[in-house]
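S.K.: One structure is given below, represented as structure tokens, and several questions about it will come after.
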Amino acid sequence: MAEKFLRSFTSDCIFLHTRIGFLSCAPERKNWSIEAITEPPYHQTETKVDMQKGVVKTPDGKEVLVIDVRSEDEAKHHGILKGSSRVRCDITSTGCVEKGIAAGLIPEDAKKCPEIVVYCKSGRRAGRFAEMLKERGYSVKDYGKLEDLAKKYGIDHEHISSKTANVDGKKILIVDVRSENEAKATGVLKGAVRSECSISATNCVDNGIKKGVIPPDPKNCPPIVVFCKSGRRAARFAGMLKEKGYTILETGGIYDLEKKYGIESEKKQK
């Protein structure tokens, strides 16, 4: 009679294991144990989101979630918008929003998420990510390029690690003050960063600092090489840098400096 009972009870436990997720209730002599599985789909838990990351207050007092979709290297070279978190998303990537949710950077419930600001270098990747968010019901307040949104949200300089070049074993900062179209047409000196400055502009250095291409502290900046097409804009920009305490190695036109530093096609990261 006892053996029949045990067989019947064990059979019932196996049924429970397959139907409702009980781990075990097999008899161990006279002791019994029942352990319940707590993993989905048996028990759903809401994604934990650290809302301290990425959430900033705008000048009008509203909270927004600021997301950077660039690579870590881009963030190091050019800085990030203040308070932003990073959810990398390339132009051909899929599942970017899901990755952000899984990492705890985006609330799973769109209704519980503040308005979102998305940015990258040119705005193209940010626009794609923004569309993915909208498809899932999130509210996108703004998206675009870092340079444009920096005026509104500010750049966190602590995350900037300015791009430098090595010449004869020495670190230098090479700055191109020409326009993007000029750089595309003729290339750039190897390892250069761009901080555009017209011949009549007055706040070129400040703009370069805001963009993250020039370290804000001259003491932490290596000697600088500045170039343009003819050398005229470069000389003017170098003068502004000197006034702020930066060390200038040399200035000139791109073709004058080509032999020393070499030219490469501008590598654009869209």
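S.K.: Please report the accessible area of LYS210 (heavy atoms, 1.4 Å probe, ligands and nucleic acids excluded) in Å², nearest 10.
M.R.: Near enough 120 Å² of accessible area.
S.K.: Something else now. Taking a probe of 1.4 Å, how large is the accessible area per residue of the stretch 81-239, in Å²?
M.R.: Dividing the accessible area of the stretch 81-239 by its residue count gives 49 Å².
S.K.: Of the heavy-atom accessible surface of the stretch 69-148 (probe 1.4 angstrom), what whole percent is carbon and sulfur? Walk me through the numbers on the way to the answer.
M.R.: On the way: 1610 of 3790 Å².
That fraction is 43 percent.
S.K.: Mind checking the dipole of the stretch 124-270: about its Cα centre, +1 per Lys or Arg Cβ, -1 per Asp or Glu Cβ, Debye to the nearest 20?
M.R.: Charge dipole of the stretch 124-270: 260 debye, to the nearest 20.
S.K.: I would also like to ask the following. If I model a spin label at ASP109 and ILE199 as a point 7 Å from the Cα along the Cα→Cβ vector, what separation in nanometres do I get?
M.R.: Placing both labels 7 Å along Cα→Cβ, they lie 6.2 nm apart.
S.K.: Continuing with the same structure: Could you calculate the contour length gain from LYS141 to SER265, that is, 0.36 nm times the residue separation minus the distance between their Cα atoms, to one decimal place in nm?
M.R.: Result: 41.1 nm gained on full extension.
S.K.: Can you list the HN-Hα couplings for the stretch 257-265, worked out from phi with the Karplus curve (6.51, -1.76, 1.60; θ = phi - 60°), rounded to whole Hz and with x for Gly and Pro?
M.R.: Coupling constants for the stretch 257-265: 9, 4, 4, 7, 10, x, 10, 9, 5 Hz.
S.K.: Now for a different question. Label-point separation (nm) for LYS57 and SER71, each offset 7 Å from Cα along Cα-to-Cβ?
M.R.: 3.7
S.K.: Right, another one. Once you charge only the Cβ atoms, +1 for Lys and Arg and -1 for Asp and Glu, what is the size of the charge dipole of the stretch 80-183 about its Cα centre, to the nearest 20 debye?
M.R.: Details: 20 positive and 16 negative charges, 17 e Å.
Its charge dipole is roughly 80 debye.
S.K.: Amide H to amide H under 5 Å from ILE116: which residues, 5+ apart in sequence or cross-chain, H placed 1.01 Å off N in plane?
M.R.: LEU65, SER139, VAL140, LYS141, ASP142
S.K.: Considering only Cα-Cα distances, which of the following residue pairs are longer than 25 Å: LYS171/LYS211; LYS57/LYS244; LYS145/LYS244; LYS82/LYS112; LYS111/LYS151; LYS76/LYS99?
M.R.: LYS57/LYS244; LYS145/LYS244; LYS111/LYS151
S.K.: Let me ask another. Check ILE248: other-chain or 5+ apart residues with amide H under 5 Å from its amide H, H built from backbone geometry?
M.R.: Answer set, sorted by chain and number: ILE224.
S.K.: Whose amide H sits under 5 Å from the amide H of ILE263, counting only residues 5 or more places off or on another chain, with H placed in the peptide plane?
M.R.: For ILE263, whose amide H was placed from the backbone, the distant partners under 5 Å are LYS190.
S.K.: Rounded to the nearest 0.05, what FRET efficiency is calculated for ASP148 and LYS219 with R0 set to 30 Å and r the Cβ-Cβ distance?
M.R.: The value I calculate is 0.50.
S.K.: Largest first, how would ARG70, ARG136, ARG88 line up by accessible area (1.4 Å probe)?
M.R.: ARG88, ARG136, ARG70
The values are calculated or read from the model by the stated rules, or taken from the named source; none is laboratory data. For clarity, every value in this text was computed on a predicted model and none was experimentally measured. When we count neighbours, we look across all protein chains shown, and the Cβ atoms used for this are built from the backbone with ideal geometry, even at glycine. Quick note on the areas: whole protein, heavy atoms, side chains included, nothing else; ligands and nucleic acids left out. Shrake-Rupley method; radii C 1.70, N 1.55, O 1.52, S 1.80 Å.
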